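The values are calculated or read from the model by the stated rules, or taken from the named source; none is laboratory data. This is a predicted model, so every value here is computed, not measured. Cβ sites come from the backbone with ideal geometry, for glycine too, and all protein chains shown count toward neighbours. SASA here: full protein model, heavy atoms, side chains in, ligands and nucleic acids out. Shrake-Rupley method; radii C 1.70, N 1.55, O 1.52, S 1.80 Å.
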Amino acid sequence: MPSNPPPTFEFLLFDGFSNMVLASAMEPLRDVRMNAGQETAGWRVSTLDGAPVSSSSGLQITPDGSFDERAGNRTLVLVAGYRVREQLSPALLAKLRTATRQARLVLALDTAAWLLAAAGVLDGHTATIHWQELDAFAETFPKVEVSTARFVRSGAFLTCGGASTALDMMLSLIQDLYGSAAAFGASTMFVYDPSRQSELNRGAARLEQKGSAKILQAANLMAETIEAPLNTADLARRVSLSERTLARAFQRELGMTPGKYYKMLRLQHARYLSEETNLSLEQIALRCGFSSASSLGRSYSGLYGRTIREARVQEEPWVASSHKTGGR
């Protein structure tokens, strides 16, 4: 984790953006913010004038506000799609030049690299763009080294193509900013078919070090035994490793012990149950492998910095009232 407060991610949306691209970049951050135990990975959505924008499928998004190119301490995420050339103007390019000087990092998703290149800020950098625009991009901007990689980082600029590449890029950035465990957790939120996930080099397969398959196997086993947690020796035996080898693999790849990761999973599940169900704290504790509500409460507060009751009121105000009425 970084020593300084993490910057806000500002998503600057342009008409014609892809819903899938936006979701692929934003949803991993949501997972990090939910599970990191503090207010990391915050974001806001803006448009140039503060007015709603429409995605390529016609979904209208109302932003949090208008874009201020002079704001600092942020990771700027540009999300553009169709009609990107039509949106170029001297005023926009001037704003982008100012904004990129102020930002810590600048992410350009889908066709947004075209905007940055037109502003001249990608000159001398390597960049990529949606595959349909690659040839035209290379011809139009000869000072940019164009790559066919799924995503590219060059200095403070990260560029990618469509939705799947945006997901890959964001998971890589999350690993850099928040650690391997956070990236692993965000990645597995998108797992449906584990074998397919491995083929796509996501999930534990992204971590590249030896033993990642065992880490994924152990993590799956942890998720299956949240209500009755295994001790580390039994967990290691179930995945055919020695206890010491399993501990080393977790420390090397996720930066924590198996026990700490296991407990984090159980507390994440407790948070989900507290926000999505009317279960009592005692029931939640039993379903998450804690001996009592007080034991769960101490661990929960230590990770999230607030009690479960406080989280219920803040995250889902209906929970407090539903306990009074007996309904959800």
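Some points to look at:
- To put it simply, the accessible area of segment 22-153 at a 1.4 Å probe is 47 percent carbon and sulfur.
- Taking 7 Å steps out from each Cα toward its Cβ at ASP135 and ASN278 produces label points 6.2 nm apart.
- Segment 1-159 - charge dipole about Cα centre, Lys and Arg +1 at Cβ, Asp and Glu -1, debye rounded to 20: 380 debye
- Backbone HN-Hα couplings from phi across segment 12-18 [Karplus 6.51/-1.76/1.60, Hz, Gly and Pro as x]: 9, 9, 10, 3, x, 5, 8
- The mean accessible area for residues of segment 254-310, using a 1.4 Å probe and ignoring ligands and nucleic acids, is 46 Å² per residue.
- Furthest towards positive pole of dipole, THR245, LEU273, TYR262, structure part segment 222-284, Cβ charges: THR245
- In this structure, the amide hydrogen of GLY42, modeled 1.01 Å from its nitrogen in the peptide plane, lies closer than 5 angstrom to those of PHE9, counting only residues at least 5 positions away or on a different chain.
- Ligands, DNA and RNA excluded, the heavy atoms of MET264 present near 40 Å² of accessible surface to a 1.4 Å solvent probe.
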